[in-house]
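Remarks on the structure that follows.
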Amino acid sequence: MTKLFVTDIDGCLAEPYTAFDLEGMATLGQYAAADDPASPPLSICSGRSYPYVEALTQALGLTVPVLFESGGGRFDPVSAQTTWSPALTDAIEAELEEVRHWFVTDCVPGTSLSLDHAKRTQAGVVSPNPDEILDLRPRTEQFVEERVPDLRVFSTAVSIDVVPPGITKRTGLEWLTDHLEVPMDDVAYIGDAESDLEALDAVGHSFAPANADPEVRRRVDHVTEGRVLDGTLEAYRTCRALHDA
């Protein structure tokens, strides 16, 4: 039985730089709010920063704590309190600041790249131009290997994030489920990108929307027919059906 359904944002609830499907989000929120044992509580695990995740938490009407910055922080929408990962140390913050400085001075000028300013537990850049991300990924990997080799590099079509090894979506989910006292085997998670893989491998029911990266689609238990939010709604309905089976 699924006791917690967790979704990524980009690629699962919405696409970057694209209008939200407000009707679909309302439907997902209604599913999660239903007074029905077959409808598991809904949470978020996203690489997005706190303000973005908090806003979507409110839009969906969630009452379960959510994760932002890939588990770097946890927000409780009922108490309106934020907790930072215990893996975030002063030394890690100093390394991340070095990466941010390099992004700003060596990578952003002359491009459409911009620093992801709101993040604390990651150093990231975003761009509406996927080619800029593709060009910057190997440069970022080289910089990290030479200057801060204990950090890790993840990317999507529109972003690059440099993250501490102890702050990943998997460790974030383990932190969240320990807090909620829910076994990982009773968690369903839907994700679409490289940074979701470890978390998808760790839960009881793993899903990917039809738009997910090929490696993600190969690794999960279920690939939905629907894309993005349609896929997440489909995955949630699957969990409900499994409960009733």
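The values are calculated or read from the model by the stated rules, or taken from the named source; none is laboratory data. Note that the structure is predicted; figures quoted are calculated from it, not measured. No Cβ is skipped: glycine too gets one built from the backbone with ideal geometry, and neighbour counts run over all protein chains shown.
Checking 226, 231 one by one, the residue that is assigned by TED's automatic domain parsing to the domain that holds residue 38, of a type in the set (Gly, Ala, Ser) and touching a residue at least 24 places away in the same chain (Cβ under 8 Å) is 231 and no other. The residues of the stretch 103-117 that are out of contact with any Leu (no Cβ under 8 Å at 6 or more places or on another chain) and more than 22 Å from residue 166 (Cα to Cα), listed by number, are 105, 106, 109, 110, 111, 112, 114, 115.
Do we find a residue being closer than 19 Å to residue 16 by Cβ and within 14 Å of the chain's Cα centre (by Cα) anywhere in the stretch 176-191? Within the stretch 176-191, one or more residues are closer than 19 Å to residue 16 by Cβ and within 14 Å of the chain's Cα centre (by Cα). Only residues that are surrounded by fewer than 21 Cβ atoms within 10 Å (Cβ to Cβ), touching a Phe, Trp or Tyr at 6+ places or on another chain (Cβ under 9 Å) and of a type in the set (D, E, K, R): list them for the stretch 1-56, please. Of everything in the stretch 1-56, just one residue is surrounded by fewer than 21 Cβ atoms within 10 Å (Cβ to Cβ), touching a Phe, Trp or Tyr at 6+ places or on another chain (Cβ under 9 Å) and of a type in the set (D, E, K, R), namely 54.
Taking the stated definitions as given, is residue 151 on the phi < 0 side of the Ramachandran plot, buried (at least 19 other Cβ atoms within 10 Å of the Cβ) and without any contact (Cβ under 8 Å) to a residue 24 or more places away in the chain? Judged against the criteria, residue 151 is not a match. If I filter the stretch 57-68 for residues that are out of contact with any Leu (no Cβ under 9 Å at 6 or more places or on another chain) and aromatic (Phe, Trp, Tyr), do I get at least one hit? For the stretch 57-68, residues out of contact with any Leu (no Cβ under 9 Å at 6 or more places or on another chain) and aromatic (Phe, Trp, Tyr): present.
Checked against the criterion of being touching a residue at least 12 places away in the same chain (Cβ under 8 Å) and either part of a loop (DSSP other than H, G, I, E, B) or closer than 28 Å to residue 179 by Cα (or both), the stretch 128-145 contains one or more residues that satisfy it. Note on the stretch 38-90: enclosed strands (runs of 3 or more DSSP E) holding 1 or more residues that are assigned by TED's automatic domain parsing to the domain that holds residue 172, touching a Pro at 6+ places or on another chain (Cβ under 9 Å) and touching a residue at least 12 places away in the same chain (Cβ under 8 Å) are 42-44, 66-68, 73-76. Only helices (runs of 4 or more DSSP H) whose full extent lies in the stretch 189-245 are considered here, and the ones with at least 3 residues that are charged (D, E, K, R) are 214-219, 228-244.
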